Amino acid sequence: MADQKKSPSVTTTVKLTATTKVTQPEKRVVFERENYILFFLGIAVITIGYLFMAGGKSPDPNQFYPDQIFSWSRINLAPTLVLLGFGIEILAIMYRKKKAQ
């Protein structure tokens, strides 16, 4: 082991002049603050829609209550809110702030 020769280390120095610019690539965030706000708003609207769809507890599970099952909020409002929430989610993904020039 003592007979092994160490290889000389090679170092390279680069001299930068005043005119040389070192540019680093710009780190760009995929989503901005507005996108996240829209994202969470869409999730809230979807959750509210599913809560309307679930409805309340029936007083007697052996009795059929058509006015609760086929209510306007379960048939019309809840699916509309869910679809609206998914539309907000698509908007949150596609939204891009206009750059001021």
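Taken together, the values in this text are just the output of simple stated rules run on the coordinates, not laboratory data. This is a predicted model, so every value here is computed, not measured. Backbone-built Cβ (ideal geometry, glycine too); neighbour counts: all protein chains shown.
Things to note:
- Spin-label pair Thr47/Asn62, simplified geometry with 7 Å Cα→Cβ offset, distance in nm: 3.8 nm
- Of all aspartates and glutamates in the structure, those lying under 16 Å Cα to Cα from Lys98, and not within fewer than 8 positions of it along the same chain, are Glu32, Glu34.
- Percent of alpha-carbon pairs separated by more than 22 Å within the range 18-95: 50 percent
- Once backbone amide H atoms are built at 1.01 Å from N, Ser71 has no partners under 5 Å, excluding neighbours fewer than 5 places away on the same chain.
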